[in-house]
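Q: If you scroll down you'll find the structure; I have some questions about it.
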Amino acid sequence: MPFYVAPEQMMKDRADYARKGIARGRALVALRYSEGIAIVAENASETLRKVSEIYDRIAFAGVGKYNEFDQLRVAGIRAADLKGFQYSRDDVDARSLANSYAQMLGNIFTHEMKPMEVELLVAEVGRESTTDQMFHVLYDGTVVDERDYAAIGGDAESIRTRLATQWSDGLDLSGAVRVGLAALAGPDRDVPPGDLEVAELSRGNGRRCFHRVDGSTLVDLLD
């Protein structure tokens, strides 16, 4: 017979384990700006990306254990491609993708011995600014609908507080990136452009809205 552990204690232990793993990673933020959504992540690696394209108008971002959220990224791409092929490209949306991620993470959190140490962000740029969507998916499958900005990863509460004071409607891409950087760095740190991973979902990019912002373009935006 296995040792008995109260369900409440088991869920609490799993949640504490997942939160500690996520807190060790660096955070990222997503902000709505006039032409779409900007995603700014603190990431010194040039090959292990936190932010990527899922589908035409949808981006994926993850924090925590890289190998775990990268598995989820690949699963999301396959699910989106299959749905777009079977039905229509317009039927692929961030809400259904976030719900799929929530079911996967919720099942793993409830039934597996070790929960996934990840938090996810699924963002979709609409044809109008009023239809932009951002969904924050937690390690236990909880989905949070974010409106103007979102922060996930370590120290997310403090970062979200700074975003609340600095974000304003009508920002351009340069302003959104600078606000995201200031929120990530806080008052006591300086984050160089080389330690940033920045991407945008822009309504003006054609059918595939995702675009990485790096190199001299990023430096110009920050200046």
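Here, each number is a calculation from the coordinates, and none is a lab measurement. Just so you know, these numbers come straight off a predicted model, no measurement behind them. Here the Cβ positions follow ideal geometry from the backbone for every residue, glycine too, while neighbour counts run over all protein chains shown.
Q: Work out, step by step, the length gained on full extension between Asp145 and Tyr17: first 0.36 nm times the residue separation, then minus their alpha carbon distance; give nm to one decimal.
A: 43.7 nm is the gain from fully extending Asp145 to Tyr17.
Q: Hey, can you grab everything whose amide H is under 5 Å from the amide H of Ile152? Only 5+ residues off in sequence or another chain; H modelled, so Pro and N-termini drop out.
A: Here the answer is Leu28, since their amide H atoms fall under 5 Å of that of Ile152.
Q: Could you give me the percent of Cα pairs per 5 Å distance bin for the chain, shortest bin first, beginning at zero and ending with the bin that holds the maximum distance?
A: Reading the bins upward from 0: 1, 7, 15, 19, 20, 16, 11, 6, 3, 1, 1, 0, 0.
Q: For Val213, which sequence-distant residues (separation of 5 or more, or a different chain) have an amide H within less than 5 Å of its own amide H, given hydrogens modelled in the peptide plane?
A: Hits under the 5 Å cutoff: Val198, Ala199, Glu200.
Q: In whole angstrom, and with the biggest value first, how far do the Cα coordinates of region 73-150 range along each principal axis?
A: Rounded to whole Å, the extents work out to 42, 32, 14 Å.
Q: Here's something else I'd like to know. At q = 0.13, 0.16, 0.22, 0.26 Å⁻¹, what log₁₀ I(q)/I(0) does a Debye calculation on the Cα points of region 29-100 give, no solvent, two decimals?
A: For region 29-100, the Cα-only Debye profile gives -0.42, -0.63, -1.06, -1.26.
Q: Considering the options Ala183, Ala123, Leu82, tell which one lies farthest towards the positive end of the dipole of the chain, charges being +1 on Lys and Arg and -1 on Asp and Glu at the Cβ, about the Cα centre.
A: Of Ala183, Ala123, Leu82, it is Leu82.
Q: Continuing with this model, one more query. With axes computed from alpha carbons, what is the tilt in degrees of helix 94-111 against the longest principal axis of the chain, rounded to the nearest 10 within 0 to 90?
A: 30
Q: Work out the count of Lys pairs in region 7-222 where the Cα-Cα distance is under 14 Å, with the pair 8 or more places apart or on different chains.
A: 6
Q: Continuing with the same structure: Using alpha carbon centroids, what distance separates region 55-77 and region 157-223, in Å?
A: Measuring centre to centre over Cα atoms gives 20 Å.
Q: Only helical DSSP H runs with n ≥ 4 go in: add -39500 (n - 2.57) per run for the chain, normalise by residue count and round the 222 nm mean residue ellipticity to 500 deg cm²/dmol.
A: When only DSSP H runs of four or more count, the value is -13000 deg cm²/dmol.
Q: Can you tell me, using C-alpha contacts under 8 Å and at least 6 residues apart, the relative contact order of region 7-222 as a whole percent?
A: Numbers: 431 pairs, mean separation 64.5, N = 216.
Relative contact order here is 30 percent.
Q: Once both axes come from the Cα atoms, what is the angle between helix 7-23 and the longest principal axis of the chain, in degrees from 0 to 90, rounded to 10?
A: The answer is roughly 30 degrees.
Q: Let me ask something else about it. Helix 173-185 against the longest principal axis of the chain: what's the angle in degrees, Cα atoms only, rounded to the nearest 10?
A: Tilt relative to the chain: about 40 degrees.
Q: Determine the gain in length on full extension of the stretch Asp214-Arg127; use 0.36 nm per residue of separation and subtract their C-alpha separation, reporting nm with one decimal.
A: 28.8 nm
Q: Please give the length that would be gained between Met10 and Asp155 if that part of the chain were fully extended, namely 0.36 nm times their separation in residues minus their C-alpha to C-alpha distance (nm, one decimal).
A: Computed gain between Met10 and Asp155 is 49.8 nm.
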